[in-house]
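First comes the structure, then the notes that go with it.
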Amino acid sequence: MTTPTPLTFAQLRERHDALLFDAYGVLVHAGGGIPHAPDAIAALVRDGQRFLVVTNDASRSPQRASQRYRRLGLDITPEQVLGSGQLIGPALVDRGLERGRVVVLGTGDSAQFAREVGATVVEPSRDAPADALVIADEGGFHTLGTMDAVLDMIVAGCERGAPPALFLANPDLIYPAGNGRFGFTAGSLAAMLDRALHVILGSAAPTFEVLGKPSPRHFEEALRRVGTRNAVMLGDTLHTDVAGAQGVGIASAIVLTGVTTRAQATAAEHRPTYVLDDLRA
């Protein structure tokens, strides 16, 4: 495989009609905004160049995400946000579960994505297993107690011959919290649950359908919205941002303000097309 090409943000803009941005590690981290990101977004808005924030954050509605970005100096409208939570409703519809009983692990906004298509959001129960489980975020619930209840519910559903459908909106394992710190996120909870189910049920264990990056569903919807395939995905994670972009045949760029180092980007199985130090214009 070829070595990623080092570029500046300005050079990257010249090569592609549309830019897809990861949020955490590229534009923001848990503690606030990332330097140079506001100026980069301002340049795109000024010049009318198409862009979209394509994020695995399923904890906020597009409106709430836009409000946060704007507080941090990023001129991003709700229409320019495609979070993985926005794929929850369509996924339920595809499986005929839009009127089903759904457990959603996450925030109030996470649950609202399911309610918008008519689903009833319920608590996990062994006595009355839900039709589906969505893991959207690591916040908004008591983690260990809820995970215990979810595990019991899935096993009970399998014992009755009606396992709930499992959806993972945010497959990220960790997120950058700023100042060199990291935290666990929803993908780690799903990995824990997946391992436990295989210990208990073996090959009969149900598996998660991934909705967010690197899922083609997320990328194809992003490309539909920007109206071109001459797009580049700017991210900080190899197994979601870069692998997902490769999966739909578009370019990718690792931005070295998040979790991936230059050495990792150069040596990875899924190597990005480009490497950027930051979004400095």
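Read the figures in this text as sums done on the coordinates, not as results from a lab. Everything quoted here is computed from the prediction, not taken from an experiment. Here Cβ is always computed from backbone atoms with ideal geometry, including for glycine, and neighbour counts include all displayed protein chains.
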Working only within region 37-76, note down all residues that are in a loop (DSSP other than H, G, I, E, B) and in contact with a helix residue (DSSP H, G or I) (Cβ under 9 Å, 6 or more places away or on another chain). Gln49, Asn56, Asp57, Ala58, Ser59, Arg60, Ser61, Leu72, Gly73, Leu74, Asp75, Ile76
Condition set surrounded by 21 or more Cβ atoms within 10 Å (Cβ to Cβ) and outside any loop (DSSP other than H, G, I, E, B), scope region 252-271, selection farthest from the chain's Cα centre (by Cα): answer is Ala265
Condition first: at positive phi, of a type in the set (Gly, Ala, Ser) and surrounded by fewer than 15 Cβ atoms within 10 Å (Cβ to Cβ). Can you find one or more residues in region 24-39 that meet it? yes
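Given the structure, is Val81 within 19 Å of the chain's Cα centre (by Cα), crowded, with 22+ Cβ neighbours inside 10 Å and without any contact (Cβ under 8 Å) to a residue 60 or more places away in the chain?
Yes: the conditions hold for Val81.
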Please go through (1) surrounded by fewer than 24 Cβ atoms within 10 Å (Cβ to Cβ); (2) touching a residue at least 24 places away in the same chain (Cβ under 8 Å); (3) assigned to a loop (DSSP other than H, G, I, E, B) for Val275 and return the number of the only condition it doesn't satisfy. (3)
Among residues belonging to region 86-120 that are touching a Ser or Thr at 6+ places or on another chain (Cβ under 9 Å) and in a strand (DSSP E or B), point out the one that is surrounded by the most Cβ atoms within 10 Å (Cβ to Cβ). Val104
Whether any residue in region 135-151 is in contact (Cβ under 8 Å) with a residue 40 or more places away in the chain, under 12 Å from Leu92 (Cβ atoms), of a type in the set (A, V, I, L, M, F, W, C) and part of a loop (DSSP other than H, G, I, E, B) is what I want to check. no
Within region 41-62, can one find any residue that is surrounded by 20 or more Cβ atoms within 10 Å (Cβ to Cβ), without any contact (Cβ under 8 Å) to a residue 24 or more places away in the chain, in contact with a strand residue (DSSP E or B) (Cβ under 7 Å, 6 or more places away or on another chain) and over 15 Å from Glu221 (Cα atoms)? no
Can you name the residue in region 144-160 that is touching a strand residue (DSSP E or B) at 6+ places or on another chain (Cβ under 9 Å) and β-branched (Val, Ile, Thr) and is also surrounded by the fewest Cβ atoms within 10 Å (Cβ to Cβ) among such residues? Thr146
Would you call Thr3 β-branched (Val, Ile, Thr) and over 17 Å from the mean Cα position of the chain (by Cα)? yes
Wholly inside region 180-241, strands (runs of 3 or more DSSP E) that include 3 or more residues that are surrounded by 15 or more Cβ atoms within 10 Å (Cβ to Cβ) and in contact (Cβ under 8 Å) with a residue 60 or more places away in the chain are 231-235
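When you go through Phe182, Phe167, Phe141, Phe113 one by one, which is the residue that is among the aromatic types (Phe, Trp, Tyr) and either touching a Lys or Arg at 6+ places or on another chain (Cβ under 7 Å) or more than 21 Å from Asp22 (Cβ to Cβ) (or both)?
Matching residue, one of Phe182, Phe167, Phe141, Phe113: Phe141.
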Taking region 116-158, which residues are closer than 19 Å to Thr185 by Cα and among the polar types (S, T, N, Q)? Thr143, Thr146
Per-region count, region 127-143, residues touching a helix residue (DSSP H, G or I) at 6+ places or on another chain (Cβ under 8 Å) and surrounded by 15 or more Cβ atoms within 10 Å (Cβ to Cβ): 10
Residue satisfying all of: in region 100-115; of a type in the set (A, V, I, L, M) and without any contact (Cβ under 8 Å) to a residue 40 or more places away in the chain; nearest to Leu189 (Cα to Cα) among these: Val104
Going through Ala169, Ala114, Ala119, Ala149 one at a time, which residue ends up being of a type outside the set (Lys, Arg) and over 26 Å from Phe219 (Cα atoms)? Ala149
